[in-house]
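Reading through the structure tokens given below for one structure.
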Amino acid sequence: MTSPADTNNGFHVRLRDVSKSYDDGATRHDVLKRIDLDVAAGELVALLGPSGSGKSTLLNIIAGIDAPDSGTIEVGGHDLSGLTERGRTLLRRHDIGFIFQFYNLVPTLTVLENVLLPLELTGRRDAAAAHALLDRVGLGTRARAFPEELSGGEQQRIAIARALAHEPQLVLADEPTGNLDSTTGARVLDLLTDLVRERRAAMVIATHSRDVVDRAHRVLTIHDGTIVTGT
């Protein structure tokens, strides 16, 4: 595990007393239970836990994709409960990069167009920056390919490049190396940790990877919706 980041200033995430449940017919499932969490600028937090423990739900709530039943979420100085749906969309568009577990690439766009998409949404079309990211994830030669022509691991690398294209201040990643071989996974982790160091981005990675744990500033374990350990 690496040394902790400087937590005194910059973009940050703060959750207080956050709970979330879902109803499944007559059964209520408590997915998150009174979660408190702080993530500072320049800090990489690894989030461990078995499937169904609440990791993905927690990432979605931090991103403003899902709303908690109770509690407060502050992201980059913005109280998410005080933002409209459009306000949350704009926050994600400008400040948050989300790496989904199942890629979520646009099938009708080429690899390059998928990576350019977040730049275009912010009024930029920096093809050189997109190409540079594709080179960094080892897919510079596949810019004109479509997602269906790529392997699962290649699609994941494109999803990572797309999430980083607009230089977000917060990166949320759901098993970003789960579909990658060890060599490619290490390369992607180099890119993510470089982002934390160079841009002082905050990052939360839901993972089962020992390599991610070894690079994190803090490691948290979530079990049955509660953070039970942290280092």
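None of the figures in this text is laboratory data; all of them are computed from the coordinates on show. As the structure is a prediction and not an experimental result, all values here were calculated from the model. Neighbour counts run over all protein chains shown; Cβ positions are idealised from the backbone, glycine included.
Quick notes on this structure:
- If you run the Gaussian network model on the chain, springs between alpha carbon atoms under 10 Å, then out of 160, 73, 61 the most flexible one is 61.
- Across the stretch 58-140, Cα pairs under 8 Å and at least six residues apart give a relative contact order of 17 percent.
- On the principal axes of its alpha carbon atoms, the stretch 64-110 extends 38, 20, 16 Å, with the longest extent given first.
- The fewest-to-most ranking of 211, 190 by surrounding Cβ atoms within 10 Å reads 190, 211.
- Counting every other Cβ atom within 10 Å of each residue's Cβ, 217, 78 order from fewest to most as 78, 217.
- Using alpha carbons only, the radius of gyration of the stretch 1-136 set against its Kirkwood radius gives Rg/Rh = 1.00.
- Normalising the average separation of contacting C-alpha pairs (under 8 angstrom, six or more residues apart) by the number of residues puts the relative contact order of the chain at 31 percent.
- Most mobile listed residue (91, 170, 44) in the chain, GNM with C-alpha springs under 10 Å: 91
- Between residue 22 and residue 70, the simple spin-label model (points 7 angstrom out along Cα→Cβ) gives 2.1 nm.
- Enclosing the Cα atoms of the stretch 12-74 in their convex hull gives a volume equal to 82 cubic angstrom per residue.
- Sorted largest first, extent of the chain alpha carbons per principal axis (Å): 47, 40, 38
- Sorted by Cβ density within 10 Å, fewest first, the residues 227, 35, 99: 227, 35, 99
- Fluctuation leader among 187, 144, 197 - the chain, Gaussian network, Cα springs under 10 angstrom: 144
- Checking every one of the trypsin sites (Lys or Arg not before Pro) in the stretch 42-129 against DSSP loop status and a limit of 15 other Cβ atoms within 10 Å picks out 124, 125.
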